[in-house]
Amino acid sequence: MRRVGIELGDGRARMVLVKGEGERVRLIRAEEIPLPPRSSVRGEVEDPEAVGKALRERVSAWGARGLRARVVSGPRTAVRCLNVPEMKPKELGEFLRWQKEKLFPFGEEVELACRVVSRRGGEMEVEVAACPRRVVERAVLALQAAGLVPEGVLPEQELWPHLWEGRGEGNGAVLLLDWGGEEVRISLCSSGGLPLGRRTIRSLATTGTELRRAVEPLLMQCRDGVGKVVSVGEETEERQQAAGELAKALGAELINPGVDPRFALAIALASWPRPGLNFLRRRGKPLEPRIIQILAGLFFLLLLSDLGWRLVLYRERVLLGPRSSLQAELRAQRALEELLGQVERKKRLLGQIGSPWPLPQALTALVQGMQPGLSLEGVRVEGEGVLTGRGKSQNPLLPSRMKKHLLDSRAFSSAEVQVIEGGEGGLSFVLRAVIGR
Amino acid sequence: MRLRLLGFLLLFASAALAWDLAAGVSAWRAVRAEVSRAQKLPSGEERLLWGKRAREELERLETRLPSSFDDLRLTAYLEAQARASGAEVKRLRFGEARRAGELLERPVEILLWGPLRSHLAFVSALSRWPVAFRYQELSWEGVLSPETVSTPFAGRYRILLYAHPRS
């Protein structure tokens, strides 16, 4: 992920473009950009349009339009450390809103940023930063005018630890000498960047003795002594010598960051993974430009696919012959299927009744089986196809022949003859036969 | 803010397009299925022939399974068949119709008077009857022998008639 960091000074801005965050940061571009006269005074934007216009050219040249950007809030930023009872973030916000006039008597509306440093025994240590709202708003307007997405307006103090991070040992306080054209800004802060005091000396030539004298009141704030003296800004040999004398007098280590400290600040600004104090935090995190690009790509892909489908459908529906004839055919087919369904249904109902058993053939076979001397009365056929009758025969062989005839006719599946009585006049028998094969 | 708005707009538009695309795919599949089905349909002439056969079959089945029992027509038919067989209908009695599943079932009792040949002809005529029926019972009252073939005797026939009231 690429990000832009901007440090504003008098008439100049240091802008860097970095890739990555934290320790994996890579500097891509860095440039000092001259700003129009009076558009930026003492690190604060006075004319957002002019500053934005001046930055926009470089932003376009770097291909950094739409990237997220952070800017330093300027020197009129105060940071205080408070000990308050432990409370929820919402309650803390409410508390600070009520206390801000008392904590930061700037005489104008301020933006607040806070961070919980530690929680201990029902209390918490909170670092609160304040900056005039006008400064923040103008910085945001300048970034927007430059074609960037404002992501943060950070207090400078938040970035200080970057200047001495990893340099030398010791836990003492850090004295920061920021050399300007006609002044030197002296800041005393803890090794973690928490400000302890600040003052400015206006002088063209400053000696070590003068510095020592100026630092004396600040040292009252510092119990552990000064561990490091960091000298940044427009240094000359005299100024370096004065800083060296001061460090020697305080028994501290002199650190010169090497690179232009203002660029170091801008790089720290752009590469800080999660700034604790950010005056823009409340405004929410803007959407990643890359997400926008992905969404736009998805949108156009879907748009093309949709248009493709529309063309295919048009071809199917309009160009592939008249659809009405197809519909008519389908209707005719449906009507035929319905008719066939009705036929099947009727057949199924008839199947429930069952076909009439072969009664005519059975009766014909019975009549043909009647031999002279044989008579049958009370012939009865019931629904199950069982034929019964009582018979008389003058010849004892005739009933057996009749039975054989019935079975041979294949109109009966079984036949039984039961003789009841016999005598000289003939015999009586009962016939029972089942119709069907 | 503008980026966020643009992002939401793009997201919404993408979702709408995705929906539209899915609907388009579904419509395309429906069209393809329709065309594919139409290609498998029989030709118009075949369909006409099948339709004619099906209608004839349905007509025949509907004659066998009428929607109601027409007593006059049934009586006339049975008496005509009896006369043609050389017998006489002495008595014809229709029973009450009752439900048998989807069908209506109605008993009919016929008392026929005639010689043996006429009884056989009558039974054969009943078997060729287009109306759906089932034999329930028959009984012949008389002596059946080669000597008495031409002697008239009474035969009682019980059959069950069927109708389909929904047709």
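Quick note: the coordinates plus some simple rules give every number you see, no bench work behind them. Everything numeric here is computed off the predicted structure, so don't read it as measured data. Counting neighbours? That spans all protein chains shown, and the Cβs are built from the backbone with ideal geometry, glycine included.
Set Lys and Arg Cβ to +1 and Asp and Glu Cβ to -1, take the dipole of chain B about its Cα centre, and tell me which of B:11, B:95, B:107 lies farthest positive.
Farthest towards the positive pole: B:11.
Give the relative contact order (percent, whole number) for segment A:359-435; include only Cα pairs under 8 Å separated by 6+ residues.
33 percent.
What per residue convex hull volume, in Å³, do the alpha-carbon atoms of segment A:359-435 yield?
Per residue, the Cα convex hull of segment A:359-435 comes to 73 Å³.
Can you tell me the FRET efficiency between residue B:73 and residue A:313 if r is taken as the Cβ-Cβ distance and R0 is 51 Å, rounded to the nearest 0.05?
0.30
With +1 assigned to the C-beta of every Lys and Arg and -1 to the C-beta of every Asp and Glu, and no other charges, what is the dipole magnitude of the protein assembly as shown about the Cα centre in debye, to the nearest 20?
Roughly 1680 debye for the protein assembly as shown.
Kindly put A:215, B:89 in sequence by how many other C-beta atoms sit within 10 Å of each C-beta, fewest to most.
Details: A:215 22, B:89 19.
So the ranking, lowest neighbour count to highest, is B:89, A:215.
For segment A:387-392, take each phi angle, set θ = phi - 60°, evaluate the Karplus expression 6.51 cos²θ - 1.76 cosθ + 1.60, and give the result in whole Hz per residue in order, putting x for glycine and proline.
9, 10, x, 9, x, 10
Whole-Hz ³J(HN,Hα) for each residue in segment B:89-99, computed from phi via Karplus 6.51 cos²θ - 1.76 cosθ + 1.60 with θ = phi - 60°, x for glycine and proline: what do you get?
Per residue, the Karplus-derived 3J(HN,Hα) values read 7, 7, 8, 9, 10, 8, x, 7, 6, 9, 6 Hz.
Provide a whole-number value for the mean count of partner chain Cβ atoms within 10 Å of the Cβ atoms in peptide A:330-340.
That works out to 4 on average.
So what is the 222 nm mean residue ellipticity for the protein assembly as shown from helices alone, if each DSSP H run of at least 4 adds -39500 (n - 2.57) and you divide by all residues, rounding to the nearest 500 deg cm²/dmol?
Here the helix-only value at 222 nm equals -14000 deg cm²/dmol.
How many percent of all Cα-Cα pairs in chain A sit more than 37 Å apart? Before the final figure, lay out each step's value.
Details: 51878 of 95266 pairs.
Looking at chain A, the distances longer than 37 Å represent 54 percent of pairs.
Tell me which residues come under 5 Å, amide H to amide H, from residue A:10 once H is placed; ignore anything under 5 positions away on its chain.
A:42, A:43
If you rank A:303, B:138 by fewest surrounding Cβ atoms within 10 Å, what's the result?
Values: A:303 15, B:138 23.
Sorted ascending by nearby Cβ count, the order is A:303, B:138.
So what's the convex hull volume per residue for the Cα atoms of chain B, in Å³?
It comes to 207 Å³ per residue, whole-number rounded.
Could you give the C-alpha radius of gyration of segment B:2-64 expressed as a fraction of 2.2 N^0.38 Å, taking N as the number of residues it contains?
Compared with the compact-globule rule of thumb, segment B:2-64 sits at 2.39.
For peptide B:103-110, what's the mean number of Cβ atoms from other chains within 10 Å of each residue's Cβ?
The per-residue average across the peptide is 1.
Just tell me how shielded A:365-373 is by partners: mean number of partner chain Cβ atoms within 10 Å of each residue's Cβ, no decimals.
Neighbouring Cβ atoms belonging to other protein chains average 3 per residue here.
Would you order B:151, A:206, B:75 from fewest to most other beta-carbon atoms within 10 Å of each residue's own beta-carbon?
With the fewest neighbours first, B:151, A:206, B:75 line up as B:151, B:75, A:206.
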